[in-house]
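Contents: one structure, followed by commentary.
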Amino acid sequence: MSLAHHGVLFLDELTEWNRSVLEVLREPMESGRIIISRAARQSEFPARFQLVAAMNPCPCGYFGDPSGRCHCSPEQVARYRSRVSGPLLDRIDIQIEVARQPTTALSNRGPAGESTEPVRARVQAARQLQLDRAGKPNALLGTRELMRDCQLTSADQKLLERAIDKLNLSARAYHRILRLARTVADLASADRISTQHLSEAIGYRRS
């Protein structure tokens, strides 16, 4: 975690990691530091990283696949997914389910996508907006700063509250959705968070 400070920590096959190891991620994801205690000594290391993780939907990897190849029981799927705790998932802002691509798509290049350079420029511009506004990236905004920089209309406030109730999300998730919506708005060079920006941020929590 400390080696990934100011970088990306990528965990592939997330559910194959020991649960006790994964639980150690929780505090550093909040505080940006990790403290290791041994007997009477204690050491602190910086650990402000961006966590990226990947996992299969079930033990065989085909749950929900149109081919019907998955024969995992509901109990097996639930046990497999429970290896990643709710509190850890609650700290992951974007959760996306990616369907298996058909074989034909692998050999078909299709239309050219957006090149890296304009994406890089858009991200840099969004980050600069955040630094100019608050002196820090949106991920580090405190509660008061969120209330100042992530104001919603009354209709959007009700939309967010309904989403929190419907998806059974925590107060932590509430604030994380606001930060993400502010970032989506910054990428669009928008002064305020719109319904579209908020809906997109909420959508990343529905997987």
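The values are calculated or read from the model by the stated rules, or taken from the named source; none is laboratory data. For clarity, every value in this text was computed on a predicted model and none was experimentally measured. Cβ atoms come from the backbone with ideal geometry, glycine included; neighbour counts cover every protein chain shown. Note: accessible area is taken over every heavy atom of the protein model, side chains too, but ligands, DNA and RNA are not part of it. Shrake-Rupley method; radii C 1.70, N 1.55, O 1.52, S 1.80 Å.
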Practice item. Take the chain, compute every pairwise Cα distance, and split them into 5 Å bins from 0; I just need the percent in each bin. Key: 1, 6, 11, 14, 17, 16, 14, 11, 6, 2, 1, 0, 0
Study note, to complete from the structure: With a 1.4 angstrom probe the carbon and sulfur portion of accessible area for the chain, in percent, totals 52 percent
Point to revise | Residues in the range 27-65 that a label on ALA139 would reach, taking backbone N under 15 Å of a point 7 Å out along Cα→Cβ | key: 27-34, 46-53
Point to revise | Over the chain, relative contact order from alpha-carbon pairs under 8 Å, at least 6 apart, % | key: 18 percent
Review point. Which value at 222 nm does the chain reach when only helices count, each DSSP H run of 4 or more adding -39,500 (n - 2.57), with the total divided by all residues and rounded to the nearest 500 deg cm²/dmol?
Key: -13000 deg cm²/dmol
Study note, to complete from the structure: GLU44 and HIS71 label points (each 7 Å along its Cα→Cβ direction) are spaced in nm at 5.5 nm
Exercise for review: Taking only protein heavy atoms into account and a 1.4 Å probe, give the accessible area per residue of the chain in Å².
Suggested key: 66 Å²
Revision key, fill the gap. Correct response: the longest run of the chain lacking exposed GluC sites (Glu not before Pro), defined by DSSP loop and at most 13 other Cβ within 10 Å, is 115-207
Review point. Where in the chain are the DSSP H helices whose C-alpha atoms run 30 Å or more along the long axis and whose mean Kyte hydropathy is at least 0.0?
Key: none
Practice item. With 5 Å bins from zero, work out the P(r) of the range 87-173 over every alpha carbon pair and list the percent per bin. Key: 2, 9, 12, 14, 17, 15, 13, 10, 6, 2, 0
